[in-house]
Amino acid sequence: MDAFLKGSTSSTASTKSKSQSTKEPRAVPWVEKYRPKSVDEVAYQDEVVNVLKRTLELDQVGELPNLLFYGPPGTGKTSTILAIARQLYGPELMKDRVLELNASDERGIEVVRNKVKKFSQRAVSSTTPSGKKCPPFKIVILDEADSMTRNAQAALRRTMEKQNKTTRFCLICNYVSRIIEPLTSRCSKFRFKPLHDEILVKKLKEICGKESVLYQTGVIEELVKVSEGDMRKAITYLQSASRLKGDEAVTIQDIIEISGIVPDIVIDAVLESANSSSYERLDSSVKDIILEGYPGAQVISQIHDRIVEMDQITDKQKSVITERLGIVDKCLSDGADEYLQLLDLSSTIMTQFCQAESSS
């Protein structure tokens, strides 16, 4: 039997946590429950944290510039700006001084001209109701700003310029190249790096300890592998697996099922059929993938990782396959048929395997 581990918590602590949970009015997702509450708690983004901490000092807080956070998902961009706002205003003024718009909200040119403009024009005092000092400006957070239309971004440029005394803007995106140049030139840009495996392992083990999650050996490492540096994704998978198993130990197979990762045996079957010089066998393997309901984008991602590590084909042949892989990926994102695209990619792989055999 596989050995399993348990998050180390004392009986007193677990009793206390249970009594606290009964007092909570609603269940909170672990992603929100363990979101950083201050800038110091943001993991791994040392350069960003150091610059912002110096800016947040009382004598420099008025010099906070417009911000642009970019980088892979789940690396702490939204958490960082929310932590900054919480430190600046406290919970009593957060709702009044912070406007957060996500990609799920309507953010066309009319929203920028009306809602954002109206919010940014309103002046605010430099003290809280309790008499504590706070910045004399508001913060507008535009999450996933790279999905805004170019017209909306152009309208936002003028608002950022005119309302600089009363409002600071924070744009958050995955791809900074999709933000127009007039906006990026008005912001201090901060790149958020993918989180290292050690950071993810430490955080996941900490959560397992606090939530008393049972897990088998290798589960944390599998979570780190499938999340690809995305802390949010890793925590979500962990919570889903914990709810699925209840009082039982979470297994590696549970993580694979929840994350939607294609089993290695399926990828092996496709590559073996491509190496068999039998088109009928290759066609059958691709049909099996489609019938099992595996997502095409996930399949080509895992095939890419395998191709890169292969020794039986040359770098030139790898480049031919990866070029075709990029074309297939673009076609899938445009809504092309998954069966035809996977068959196209598999046929290219078969051709390169055959050339490798003939040359050897």
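The values are calculated or read from the model by the stated rules, or taken from the named source; none is laboratory data. Because the structure is a prediction, the values reported are computed rather than measured. FYI the Cβ positions are ideal-geometry reconstructions off the backbone, even for glycines, and counts take in every protein chain you see. These area figures cover heavy atoms from the full protein model, side chains too; ligands, DNA and RNA do not enter into them. Shrake-Rupley method; radii C 1.70, N 1.55, O 1.52, S 1.80 Å.
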Discussion item. I'm spelling it out carefully: the read-out is semi-axes √(5λ) of the Cα gyration tensor in Å, the candidates are (1) 80, 24, 16; (2) 50, 24, 20; (3) 44, 30, 17, and one was derived from this structure. Which label?
Written reply: (3)
Fill in: Value of relative contact order over segment 264-358, rounded to a whole percent, pairs C-alpha under 8 Å and six or more apart
41 percent
Worksheet entry | Solvent-accessible area of LYS33 with every protein chain in place, 1.4 Å probe, in Å² to the nearest 10 | 90 Å²
Discussion item. Can you tell me the length gained on complete extension of the stretch SER212 to GLN87, counting 0.36 nm per residue apart and subtracting the Cα distance?
Written reply: 42.0 nm
Fill in: Helical contribution to [θ] at 222 nm, DSSP H n ≥ 4, -39,500 (n - 2.57), averaged over the chain, rounded to 500
-16500 deg cm²/dmol
Worksheet item: Check GLU100: other-chain or 5+ apart residues with amide H under 5 Å from its amide H, H built from backbone geometry?
Response: ILE141
Worksheet item: Over segment 197-259, what is the relative contact order in whole percent, taking alpha-carbon pairs under 8 Å and six or more residues apart?
Response: 40 percent
Item to complete: Just grab the label-to-label distance for LYS287 and THR166, each label 7 Å out from Cα along the Cβ direction, in nm (one decimal).
Response: 6.7 nm
Item to complete: Just reorder PHE353, PHE190 by solvent-accessible area, largest first, 1.4 Å probe, all chains present.
Response: PHE190, PHE353
Worksheet, complete the sentence: Length gained if GLU63 through LYS205 is fully extended, taking 0.36 nm per residue and subtracting the Cα-Cα distance, is 47.3 nm
Worksheet item: So if we plug the beta-carbon distance of ILE265 and ARG243 into 1/(1 + (r/R0)^6) with R0 = 30 Å, what FRET efficiency do we get, rounded to 0.05?
Response: 0.65
Response to the item:
Expected vector for segment 178-183, Karplus 3J(HN,Hα) from phi with 6.51, -1.76, 1.60 and θ = phi - 60°, integer Hz, x for Gly and Pro, equals 8, 9, 5, 4, x, 7
Practice prompt. Report, by chain and number, residues whose modeled amide H sits under 5 Å from the one on VAL250, excluding near sequence neighbours (fewer than 5 apart, same chain).
Written response: LEU214, TYR215, GLN216
Worksheet item: If R0 is 25 Å, what FRET efficiency do you get for THR184 and GLN121 from their C-beta distance, rounded to 0.05?
Response: 0.60
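Computing the accessible area with a 1.4 Å probe over protein heavy atoms, can you report the carbon and sulfur percentage for the chain?
Roughly 50 percent, rounded to a whole number.
Considering only the other residues whose Cβ falls under 15 Å of the Cβ of GLY326, what net charge follows from Lys and Arg at +1 and Asp and Glu at -1?
After counting each charged neighbour, the total is -2.
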Worksheet item: Of all DSSP beta bridges in the chain, what percent run antiparallel (nearest 5)?
Response: 20 percent
Discussion item. Given R₀ = 56 Å, what would the calculated FRET efficiency be for ASN102 paired with THR322, taking r from the Cβ atoms and rounding to 0.05?
Written reply: 0.95
Worksheet item: Once phi is turned into θ = phi - 60°, what whole-Hz ³J(HN,Hα) does the Karplus curve with 6.51, -1.76 and 1.60 give for every residue of segment 246-255, x standing for Gly and Pro?
Response: x, 7, 8, 6, 6, 10, 4, 4, 4, 5
Practice prompt. Please report the relative contact order for the chain, taking Cα pairs under 8 Å with a sequence separation of at least 6, and give it as a percent rounded to a whole number.
Written response: 18 percent
Worksheet item: Say the cut-off is 27 Å between C-alpha atoms; which of LYS53/LYS138; LYS95/LYS202; LYS53/LYS115; LYS133/LYS202; LYS115/LYS203; LYS132/LYS193 go over it?
Response: LYS95/LYS202; LYS53/LYS115; LYS133/LYS202; LYS115/LYS203; LYS132/LYS193
Discussion item. List residues of segment 151-174, by number, whose backbone nitrogen lies under 20 Å from a label position 7 Å along Cα→C-beta of ILE109.
Written reply: 151-163
Fill in: Under 5 Å, built H, 5+ apart or other chain: amide partners of THR167
LYS138
Practice prompt. Provide the per-residue ³J(HN,Hα) series for segment 311-322, in order, calculated from phi with Karplus coefficients 6.51, -1.76, 1.60 and θ = phi - 60°, each as a whole number of Hz, with x at glycine and proline positions.
Written response: 9, 7, 10, 7, 5, 5, 5, 4, 5, 5, 5, 5
